[in-house]
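The block underneath contains the structure these notes are about, expressed in structure tokens.
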Amino acid sequence: MQRFLKRHLSVTLLCDQSWCEMKTVYSLLKPYLKRKDLQRTEVQIGKEIHLSRELEIQDTVPIDIRTREDAEAIKLLNMLHMIPRLEAGECVREFPVFGVQEGVFVMGVIDELMYNQKGELVLNELKTRKHNSMPSSAQDKVNCFQAGLYKLLFDGLVRGEVKKDHVLNHLKLRSTQVLGARVQAHAKSIGVQVTTFEEMLDALLITVSCSDLPCVDLLQLEYYHQGSSGPIGNRVAPFDEAQLRAELQGYLAYWTGQREPKGVDIEEAWKCRSCLYERTCEWRKNRLQVSDQQTAHASSCS
Ligand code: SF4
């Protein structure tokens, strides 16, 4: 994390890492290629669908921000705005979540939260697809990991496990920073009277931990076809906390400097064929060399 000047990790980054760690590292070392990749039509259409879903039930309000504390305060305000709605049984979209997991500060944004007819709190993760078919098991595994991480973070917030110092110390934010006039005015308009970042943070942490919100009961993946703008199918994502935490610890060991990055194993070498870094990837080159040596050795023995 120090090498890449990271104070926190995002859920999206950890999901990329679960596809291929080496690819995630290359995307940080060669950000221009990643930026180009994000311009793909498929990615852009996906973003538009997410935005239009959000705007179906929420408005955007432009607010001038001047400091990092202002930017983070806006996320907290969005949460403060959505918590009572969710408590009242409404559906909310783009709900920010954060917390310390295995010593690392992780942030993400949940696509959708709502109660189903059984009264269970459902976390719905929307995945738009170019192909009108369910994803491969490898992609589905990444999506289940993502939904599981969101649940860990959301549950930590409602259980009151996220502390003020976690946010201030990990993100290096100034508690006494006075929030911008526009941020304060918007906070007031939704009934939150605050002046400093610390006051905003206190307001959020107390509200979320003293709310009626339960932990997430059900994780759902919603697959949606971009071309026909229609559903492909839904699937309930399994949640095994011990397994999820073990997987997360494995990924975080790289970010905390305990080991070198790894590429995909030979069984998943097919991932390299559609990888942006296929031609330059050292991990892939080494794997091919080893495989050539093994073939040569086998033929010399026969
Ligand atoms: S070429 Fe293969 S191992 Fe290398 S970054 Fe891409 S997917 Fe990972």
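Taken together, the values in this text are just the output of simple stated rules run on the coordinates, not laboratory data. All figures in this text were calculated on a predicted structure; none of them were measured in a lab. Glycine also receives a Cβ, built like all others from the backbone with ideal geometry; neighbour counts cover every protein chain displayed.
One table, with the values for the structure above:
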| item | result |
| --- | --- |
| Residue order, fewest to most surrounding Cβ atoms within 10 angstrom, among Val106, Val61, Val122 | Val61, Val122, Val106 |
| Dipole of the chain, positive end: most advanced residue of Phe154, Val264, Met82 [Cβ charges, Cα centre] | Val264 |
| Separation of alpha-carbon centers, the range 135-149 and the range 264-302, rounded to whole Å | 25 |
| Percentage relative contact order, the chain, counting C-alpha pairs under 8 Å, at least six apart | 23 |
| Where chymotrypsin sites (Phe, Trp or Tyr not before Pro) fall in DSSP loop in the range 1-43, at most 16 other Cβ within 10 Å | Phe4 |
| In the range 109-168, the trypsin sites (Lys or Arg not before Pro) that fall in loop regions by DSSP, at most 16 other Cβ within 10 Å | Lys118, Lys130, Arg159, Lys163 |
| Exposure proxy ranking, count of Cβ atoms within 10 Å, fewest first, for Met22, Met114 | Met114, Met22 |
| Mean Cα-pair separation over length for the range 1-96, i.e. relative contact order, pairs under 8 Å, 6 or more apart, % | 16 |
| Principal semi-axes in Å for the range 42-161 [√(5λ), Cα gyration tensor, largest first] | 23, 19, 17 |
| Sorted by Cβ density within 10 Å, fewest first, the residues Cys91, Cys144, Cys301 | Cys301, Cys91, Cys144 |
| Globularity index of the chain, i.e. its alpha-carbon radius of gyration over 2.2 N^0.38 Å | 1.11 |
